[in-house]
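Worksheet: the structure to be examined is printed underneath.
The values are calculated or read from the model by the stated rules, or taken from the named source; none is laboratory data. In this text the structure is predicted, and so the values were computed from the model without any measurement. Because the Cβ atoms are built from the backbone with ideal geometry, glycine has one as well, and the counts that use them run over all protein chains shown. The area values use the complete protein model at the heavy-atom level, side chains included, leaving out ligands, DNA and RNA. Shrake-Rupley method; radii C 1.70, N 1.55, O 1.52, S 1.80 Å.
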Amino acid sequence: MEPDKKNIHDLVVVGAGPAALSAAIYTCREDIDTLLIEKGAIGGLAAVTDWVDNYPGFAKGIAGLNLSEEMRKQAERFGAKFELDEVLKISIEDGLHRLKMHGGDVYAKAVLIATGSDYRKIGVPGETEFYARGVHYCATCDGAFYRDKKLVVVGGGNSAVQEAMFLTKFASHIDMLVRGPSFRASEVLQHELNNHKDKITVHFNTTTDEIVGAEGKVTKVIGTDKTTNQKKEFITDGVFVFVGLDPNSGFLVGSGVELDEFRFIKSDIRLMTNVPGIFVAGDVRSGATMQIASASGEGATSALMIREYLNEMNREGTSSVKIEQ
Ligand SMILES: Cc1cc2nc3c(=O)[nH]c(=O)nc-3n(C[C@H](O)[C@H](O)[C@H](O)COP(=O)(O)OP(=O)(O)OC[C@H]3O[C@@H](n4cnc5c(N)ncnc54)[C@H](O)[C@@H]3O)c2cc1C
């Protein structure tokens, strides 16, 4: 069956976070017909970030919601269209990319995947209640709010050790809660951690059971020492959880798009995946740096590469062009 011509777009962007919105600002401004499909909130994780202190151009910082609203308005000013739905599957049909959603299908000459990643949660009482108001998942983003404060870090892998060491720049003391009897982090990192003994106390075999607060602020973490079964309390001003990231790439199963060992999307230097016409930007990309500024930068880069790809397609009169490296 012929695809419904009304539903063919030059570009369909999956997601509407900073990477997607930045890409749309560029493509729409150049009259590339662009549809963004978002399953949650427009603005992505940036929209749920209380305060952003490190996005260039805002000397005093900016509320994440306001930053993402400005990005949305800017994209809309140039003609970006939004659809609130979830992309469930991508396949190729009649030389076009077909995106299956709950509400029907759309077709695209090019696709940008900008679906981000979700920080893995530990699922204990207090984690959701104090999300972004004492419970954090990104040290680069929120560490500086804890100058001379006490912190708890949860996790025992590479990122937990790296981020705990980074947080010593700010915190007066860090209690590190590791569920297992030893670290899963590399030997090199464990060795480096020894240089921070003055500020970091490691508690092995310790579960994190509850995050407790009062008047909207975190005050302590309750855990259990598994060797004695004794409850332990850690007085703290904040908690950083580093137990992994889950890229939002599940809908790509069967699409042929290549993922890395952690299910992040692989791309070439032009941010194109191994499937011609499917590009990737932001936190879901293998090698991403998980920041709003870098997601926006990748969005802009991918838009310029997509423009080149579409121009090439038009010149060649073909539907799947491989851009020369
Ligand atoms: C609490 C918190 C604080 C942070 N603070 C900062 C900070 O201070 N500074 C900073 O630079 N960074 C910060 N970050 C990180 C920053 O928010 C991310 O790096 C950035 O938002 C990534 O942008 P993105 O566009 O790649 O993805 P996201 O912002 O994650 O957007 C992806 C969007 O895609 C949507 N989506 C996913 N799958 C589908 C699908 N199948 N169909 C349709 N839509 C889909 C999601 O709903 C989401 O809206 C913070 C993150 C968190 C969680």
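Annotations
- In terms of overall dimensions, the C-alpha atoms belonging to the chain reach 69, 38, 35 Å along their principal axes, ordered largest to smallest.
- Rounded percent of accessible protein surface that carbon and sulfur make up, the chain, 1.4 Å probe: 50 percent
- Solvent-accessible heavy-atom area per residue, rounded to whole Å², over the stretch 42-182 at 1.4 Å: 47 Å²
- Low-density loop cleavage sites - trypsin sites (Lys or Arg not before Pro) in the stretch 1-71, where at most 13 other Cβ are within 10 Å (DSSP): LYS60
- Counting DSSP beta bridges with both ends in the stretch 121-241, the antiparallel % (nearest 5): 45 percent
- Taking label points 7 Å from Cα along the Cα-to-Cβ direction, GLU70 and GLU233 give a separation of 4.3 nm.
- Residue ranges 96-108, 249-261 sort as 96-108, 249-261 when ordered by packing (mean number of other C-beta atoms within 10 Å per residue, highest first).
- Computed helical MRE - 222 nm, the chain, DSSP H runs ≥ 4 contributing -39500 (n - 2.57), nearest 500: -7000 deg cm²/dmol
- 26 Å Cα-Cα threshold exceeded, pairs from LYS100/LYS121; LYS89/LYS109; LYS149/LYS197; LYS60/LYS81: LYS100/LYS121; LYS60/LYS81
- Cys residues of the chain counted as unpaired, since no other Cys beta-carbon is under 4.7 Å: CYS28
- For the stretch 145-246, GluC sites (Glu not before Pro) are listed when DSSP marks them as loop and at most 10 other Cβ atoms sit within 10 Å of their Cβ; the list is GLU215.
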